[in-house]
Every structure is written in structure tokens, then in C-alpha cells.
Amino acid sequence: MLPDLFPLTVLTPLLDNLTQLDTSAFKPAAIGRHKTQQVIDTIRGDKICWLNKSMSFASTYFDWSEQLRQAVNRYFFLGLFDYETMFAYYEPGAFYKRHVDAFKGQSNRKLTSILYLNPNWQPGDGGELLMYQADETTPFETVEPRFGTMVIFLSERFPHEVLPSHKDRYSLTGWYRINEGIPLD
Ligand SMILES: O=C(O)CCC(=O)C(=O)O
Ligand SMILES: [Fe+2]
């Protein structure tokens with residue numbers, strides 16, 4: 001967990017632009033990919049909008065994400081290949097039940113990053129991210145979704161959940177992916 005990672009001069013325009021996005025570009029978040037994809041609002045209740053490089057207001061964020069990708073590859077040899085990121089909006093009452101972002105060997109998502117964009121977040125506003133080790137039921141980390149806090153974790157390793165939020169809750173969630181090569185036989 002990295003509190004206050006970005007300066008307000010980066011965060012404030014980012015949030016302003018994201019919240020001005022055409023809400024018709026938002027869709028209820030789904031679970032699974034391709035044919036198995038479905039919207040189950042008893043598991044997650046956020047609405048999402050994928051970001052793309054043509055959104056120039058997000059260029060500082062994309063540049064920083066690219067630097068992180070290169071640094072992680074340099075130090076940890078993860079072979080991260082590209083990055084996808086979405087803006088997520090949890091309206092009051094929305095939550096996301098415990099899950100992992102990727103199952104080992106079944107996805108090319110390796111590293112998850114979440115940047116929280118909630119100015120004036122207070123204890124009691126809900127919406128905390130709980131991080132777990134494997135099968136444990138007690139979280140080893142509870143993260144309040146405060147403006148500028150970033151969380152980075154291995155997508156296959158850590159189950160996590162979002163507690164019901166009592167206020168509008170905004171975040172940018174991204175996944176670094178490895179290149180899906182053709183397996184050698
Ligand atoms: O917003 C969060 O704190 C977590 C979101 C999440 O787990 C996801 O989108 O996969
Ligand atoms: Fe997740």
C-alpha cells in the first residue's frame with residue numbers, strides 16, 4: 001500500500017475528468033470473460049468504464065503505469081507485457097465480494113494496481129479493501145480508499161474484497177498482463 005503516491009496536481013484533474021465522462025460509457029461490471037461473462041449484482045455492484053490512451057487527461061497516469069511496468073520487469077523479471085485499466089464507481093451500498101483477479105495459469109493478469117480517488121474519505125464511510133492470504137479468513141491488510149492511495153499486488157496470489165461503501169467511491173483499477181505465448185510441447 002502506497003499512501004499519497006501522486007500529488008494533488010495530478011489527482012484532482014484526473015478525478016474531475018473521470019467523473020465528467022459520459023455515464024452512458026459506464027456499464028455494470030461483469031464477472032468472468034467472454035462466454036462465461038455475466039453480471040451478478042450479489043457479487044459486485046460497481047459500474048466501470050475502460051480507459052484508453054486517447055483520453056489525454058489520463059496521460060500522466062498512463063506514463064507512470066508504464067514506468068512501473070518497466071521497473072517491475074527490471075527488478076522482478078515478471079515479463080509484464082501490457083496494461084489495461086478501468087475507472088470503477090461504487091454507488092452507496094455497492095460492494096465486491098471476496099475474489100481473486102486471476103486464477104493461476106488461467107489468465108494473463110499478473111499484477112493488479114488500484115488507485116483510489118476519494119477526497120475527504122472518513123473512517124465510517126465503508127468501502128474498505130480487505131486483503132487476505134490464501135485461505136485465511138482474517139484480512140492481513142485493510143485499506144481505506146483515500147485520495148491518492150495506491151495498492152499493488154500479485155493478481156493470482158491475494159484474495160480480496162470491497163466492503164459496502166456508504167458514499168460514492170471512485171478508483172482506477174489496472175492489470176499488468178503477460179504475453180500469452182503458445183505453450184511449448
Ligand atoms: O476497488 C477496489 O478496492 C478493488 C476492486 C477489485 O477488486 C476489482 O475490480 O477486481
Ligand atoms: Fe479484484
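The values are calculated or read from the model by the stated rules, or taken from the named source; none is laboratory data. Predicted model, so just to flag it, every value in this text is computed and none were measured. As a convention, Cβ positions derive from the backbone with ideal geometry for all residues, glycine included, and neighbour counts pool all protein chains shown. Just the protein is used for accessible areas: all its heavy atoms, side chains included, with ligands, DNA and RNA removed. Shrake-Rupley method; radii C 1.70, N 1.55, O 1.52, S 1.80 Å.
Below, the figures for the structure above:
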{"item": "Contact order relative to length of the chain, as percent, for alpha carbon pairs under 8 angstrom and 6 or more apart", "result": "28"}
{"item": "Principal axis box of region 96-185, alpha-carbon based, largest edge first, Å", "result": "54, 26, 16"}
{"item": "Accessible heavy-atom area order of Tyr116, Tyr75, highest first, probe of 1.4 Å", "result": "Tyr75, Tyr116"}
{"item": "Solvent exposure ordering (accessible area, 1.4 Å, most first) of Lys104, Lys110", "result": "Lys104, Lys110"}
{"item": "Calculated FRET efficiency for the pair Glu141/Tyr75, C-beta based, R₀ 22 Å, to 0.05", "result": "0.50"}
{"item": "Å² of accessible area per residue within the chain, as computed with a 1.4 Å probe and no ligands counted", "result": "57"}
{"item": "Set of region 74-106 residues, backbone N closer than 19 Å to the point 7 Å along the Cα-Cβ line of Ile178", "result": "74-84, 100-106"}
{"item": "Structure-based [θ]222 nm, the chain - -39500 (n - 2.57) summed over DSSP H runs of at least 4, per residue, nearest 500", "result": "-5500 deg cm²/dmol"}
{"item": "Contact order relative to length of region 1-108, as percent, for alpha carbon pairs under 8 angstrom and 6 or more apart", "result": "27"}
{"item": "Projected-area mean, the chain, by convex hull of Cα positions, square nanometres", "result": "11.8"}
{"item": "Amide H contacts of Leu51 (H built 1.01 Å from N, under 5 Å, at least 5 apart or other chain)", "result": "Thr85, Met86, Phe87"}
{"item": "Whole-percent carbon and sulfur share, accessible surface of region 107-181, 1.4 Å", "result": "46"}
{"item": "Eligible aspartates and glutamates near Lys167 by straight Cα distance, threshold 13 Å, same-chain separation 8 or greater", "result": "Asp46, Glu91, Asp125, Glu128, Glu144"}
{"item": "Extension gain (nm, one decimal) between Ala25 and Ser59, 0.36 nm per residue minus Cα-Cα", "result": "10.3 nm"}
{"item": "Calculated FRET value between Asn52 and Lys97, using beta carbons and R₀ = 41 Å, to 0.05", "result": "0.90"}
{"item": "Rounded to the nearest 10 Å², the accessible area of Trp121 at probe 1.4 Å", "result": "10"}
{"item": "Protection proxy ranking, peptides 65-74, 159-168, average beta carbon neighbours within 10 Å, highest first", "result": "159-168, 65-74"}
{"item": "Whole-number percent relative contact order across region 45-151, with pairs defined as alpha carbons under 8 Å at least 6 apart", "result": "24"}
